[in-house]
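Down below is the structure, laid out as structure tokens.
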Amino acid sequence: MYSQRFTIMKNMFLTAVVASAALVSCGTVQSLVQNTFPYTANVLISTGVPADKEVSSTATASNVQTWFGGNNDAKIKDVRISDAKISVVSPSGGNLSALKTVKVYISSSGTGEKLVASRSDISTNAASLNLDLNDTGFLDSVVKSSGLTVRTVYELKNQTSSDMNLKIALNFSSVPAK
């Protein structure tokens, strides 16, 4: 009787251990197969751009299109913005102090424009700044379509004394589709 109870308890314990290990490994595999892919856009702020006025700059995606090429059958899903950063490329030693606000939108053929990142009341002398992410939900239809476009809208506090070249770096994350 005691031996039979011990065997049942041992089997239940081993089953629980195996089930726990399987659940943990599924989560680990999920995080290992999650994809992150980058896109960068350059924005030129010319010396003639007036202060306190929203200005727009548009760039066509090349990095994301390399990944997907407008292939709506790409085997990914749940695409989200995971990181957005703005940084000064030139002039050397430049900073973001002239910027007041920045907004980053993405769109593609047949999809509406979606705000993915922004920053208001910029008050930094740093050369780079992480942008606040906008929860736009899943971006599968935008990223997997052809002609992905990034539009950057910015406003200056004051005119720049020389041309300034900025880089907008966006990272998207996704999981494999089944």
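The values are calculated or read from the model by the stated rules, or taken from the named source; none is laboratory data. This structure is a prediction, so every number in the text was calculated from the model and none was measured. As a convention, Cβ positions derive from the backbone with ideal geometry for all residues, glycine included, and neighbour counts pool all protein chains shown.
Descriptive notes on the structure:
- Identity of the residue in the stretch 47-77, modelled with pLDDT of 90 or more and assigned to a loop (DSSP other than H, G, I, E, B), that ends up nearest to the chain's Cα centre (by Cα): Glu54
- First in the stretch 92-106 and closer than 15 Å to Ile45 by Cα, second anywhere and surrounded by fewer than 20 Cβ atoms within 10 Å (Cβ to Cβ) and among the hydroxyl-bearing types (Ser, Thr, Tyr), Cβ under 6 Å, 6 or more apart: Leu96/Thr124; Ala98/Thr160; Thr101/Ser120; Lys103/Ser118
- Selection within the stretch 103-122 - assigned to a loop (DSSP other than H, G, I, E, B), more than 15 Å from Lys157 (Cα to Cα) and within 20 Å of the chain's Cα centre (by Cα): Ser108, Ser109, Thr111, Gly112, Glu113
- Identity of the residue in the stretch 148-160, hydrophobic (A, V, I, L, M, F, W, C) and over 14 Å from Val55 (Cβ atoms), that ends up modelled with the lowest pLDDT: Leu148
- Qualifying position, being farther than 20 Å from Pro50 by Cβ and of a type in the set (Asp, Glu), among Asp132, Asp163: Asp132
- Lone unmet requirement of (1) surrounded by 13 or more Cβ atoms within 10 Å (Cβ to Cβ); (2) farther than 17 Å from Val55 by Cβ for Asn125: (1)
- Residue tally, condition at positive phi and more than 14 Å from the chain's Cα centre (by Cα), over the stretch 123-142: 0
- Test: residue in the stretch 78-88 that is modelled with pLDDT under 90 and either under 25 Å from Ser46 (Cβ atoms) or out of contact with any Leu (no Cβ under 7 Å at 6 or more places or on another chain) (or both): yes
- Residue within the stretch 90-102 that is modelled with pLDDT under 80 and either in the same structural domain as Leu131 (by TED's automatic domain parsing) or within 19 Å of the chain's Cα centre (by Cα) (or both) present: no
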